[in-house]
Ligand code: IVH
């Protein structure tokens, strides 16, 4: 890395400028690699900064030489309106979880049984970094796209944001041992170090901004910025841990994948245990558990992977996770605090859950002021009383729970908890389900149950109705404006406008969100119904197996149980749901209300708008009207001037006029500009 070009540059000719720019870029790429990947810088930070400054100045004065993979491209691109989504070419699966050394032993036994061997299996183990999973796509060595894991199948495109991260190379490192693959989809974890998280929060406190709860939230929040110049100011880092297709790296081992990634300039954690038998993995786990408090970043467990890729192939996957890997989590950290009160929460299934209200306490970076006590038996078993000092922990690191009472702290003033005999919300008698140890309100009309179901229906994984928050649902139900989630589709701007703190514009936005939610996937639709025991995973299985809702509604328990992944409890619950007339009516009402369920095949492939009629209204901002018209017509659709029963879609921009009201009256589907553009992607 000599500086010879520097000495004889003639800044007056453009070819010299071009050469100088190329030289600076190459030097900066090299120094980035030495600094961030090899941890072995050969120039000072000040020298680095001078080179970067010169490069930025030259690129600004000579924009004809600008390039998207320049090391200067990290400072941020123009803001976006919304993130695009992308389907991962290979789904980003999750990991099976264990919590103890026993879980690790049974994992090893399972692996050996499936591989039909008594020999020691060699594993590669890594820390499980507590951050945000991302996929980076390199084409011919150049970073082309970065996306979030999303639901594992579809993620959000966050390329501009990821490009601002210093430890993400914009170009892969060329070397003699290994050609750069034509296509490399690499996965890793983006995170913020503990120290950087602290300073970030301090800075935010100084500026009177809300604080991040923990480093992971800070990383996720920073990645979700539409304006990448904000992301550029956040101290994000990355470690890579896998590729979507190991074949492109020409290796037969997990440990070697990591080494190859490192050779390509992709940062990997230095804490890797390579090709080791179970006994060493166990030791590594114990070490890591102790070490984790001193590590510069948060980890929440260890990931163990069968090292031989051939064995991984044989082991295969379940619908959710690979059988060749497991995450063994560390014990959640516990803290001490006082129980101020025990109150009852009534959920969408009618279950009465005692909740401890606590003196706020910081548990592993999160302020905890409530903790679930699960059910009355649990309260009795742990003998939690109002006024007690208790240990709380974040179970699975999400919902905090009371672990145990410190009885030696009692002074006799503590008050025992009694489960009420009537629902605290509707006042009807409650019943205890002995099998489940749950006390339930069984009043279908209990506002708490109705609200819970509607909130579930409108939530992210379900109909994902933007703006329909908990407070709004509470108001709608309390004022008896809606009685079920199907009633959401009969709401109008007029009704919404009458509510507290609801301006015309917000009412219109909510109506638009409700309208947009009408087009959904079969899996989301099923999940939204809130069938007991049928979570997102089961909903996805059902959507794969069945043609339509009608065929699920008439399926027998036997038929359902014969499906891989569906057990007797789930099967019975589905049959039960559809046996109830009111549930069937609600489903009918949804379909009649204009819900359209996308068939899987429709979402992929070339878009055809053959025979579909569109109307445009409001101020459009991405494209001009005539551009949008051309786009629609090129795909075989028509654009007309007014909304009628013949209109298929109304595309609305800002401040839509009477066309929107007309479309809503006629049940014409409404699209935002972004929705329309997404149709073409
Ligand atoms: S491997 C198919 N390795 O854990 C297996 N994951 O529950 C793919 N994670 O979404 C994951 N550190 O966000 C793997 N060293 C590591 C990891 C790791 C953190 C996260 C990742 C993933 C989640 C799986």
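Each value in this text was obtained by applying a stated rule to the coordinates, not by laboratory testing. Since the structure is predicted, the reported quantities are computational estimates derived from the model, not experimental observations. Note that we place each Cβ from the backbone using ideal geometry, even for glycine, and neighbour counts take in every protein chain shown.
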Item checked: For the chain, share of DSSP beta bridges that run antiparallel, in % to the nearest 5 -> 80
Check: Over what distance in Å are the Cα centres of segment 331-390 and segment 163-227 separated?
Finding: 34
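When 570, 306 are ordered from fewest to most other Cβ atoms inside 10 Å of their Cβ, what list results?
Values: 570 22, 306 26.
Lowest count first: 570, 306.
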Notebook entry, point to check: If you take the beta carbon distance between residue 418 and residue 280 as r and set R0 to 60 Å, what does 1/(1 + (r/R0)^6) give as a FRET efficiency, to the nearest 0.05?
Noted result: 0.70
Notebook entry, point to check: Between residue 556 and residue 310, what is the label-to-label distance in nm when each label sits 7 Å out along the Cα-to-Cβ direction?
Noted result: 4.7
Check: Quick one: length gained pulling residue 205 to residue 67 fully straight, 0.36 nm per residue minus the C-alpha distance?
Finding: 45.9 nm
Checklist line | Relative contact order (%) - the chain, alpha-carbon pairs under 8 angstrom, separation at least six | finding: 9
Notebook entry, point to check: Once the piece of chain linking residue 245 and residue 97 is laid out straight, how much longer is it, given 0.36 nm per residue of separation minus the C-alpha distance between them?
Noted result: 51.0 nm
Item checked: Segments 228-235, 589-596 sorted - mean Cβ within 10 Å per residue, highest first -> 228-235, 589-596
Check: Any idea how far apart residue 14 and residue 466 come out in nm if each label point goes 7 Å out from Cα toward Cβ?
Finding: 4.3
Notebook entry, point to check: What's the percent breakdown of Cα-Cα distances in segment 140-294 across 10 Å bins, shortest bin first?
Noted result: 10, 33, 33, 21, 4, 0
Item checked: Inter-part distance where segment 298-312 and segment 640-659 are each reduced to a Cα centre, Å -> 53
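Treat the count of other C-beta atoms within 10 Å as a stand-in for reagent exposure and order 483, 578 from fewest to most. Mind dumping the intermediate values first?
On the way: 483 15, 578 18.
Sorted ascending by nearby Cβ count, the order is 483, 578.
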Check: Which order do 29, 357 fall in if you start with the one that has the fewest other Cβ atoms within 10 Å?
Finding: 357, 29
Note to self: Kirkwood Rh over alpha-carbon pairs of the chain, then Stokes-Einstein at 25 °C and 0.890 mPa s: what D in µm² s⁻¹, rounded to an integer?
What the structure shows: 85
Item checked: 222 nm mean residue ellipticity, helices alone, for the chain (DSSP H n ≥ 4; -39,500 (n - 2.57); rounded to 500) -> -10500 deg cm²/dmol
Notebook entry, point to check: Once fully extended, how much extra length lies between residue 233 and residue 474, figured as 0.36 nm per residue of separation less the alpha-carbon to alpha-carbon distance?
Noted result: 82.9 nm
Note to self: On the principal axes of its Cα set, how long, how wide and how thick is segment 229-294? Give whole Å, largest value first.
What the structure shows: 47, 37, 17
Next item on the list: Tell me the label-point distance for the pair residue 444, residue 110, using the 7 Å Cα-to-Cβ offset, in nm and rounded to one decimal.
Entry: 4.0
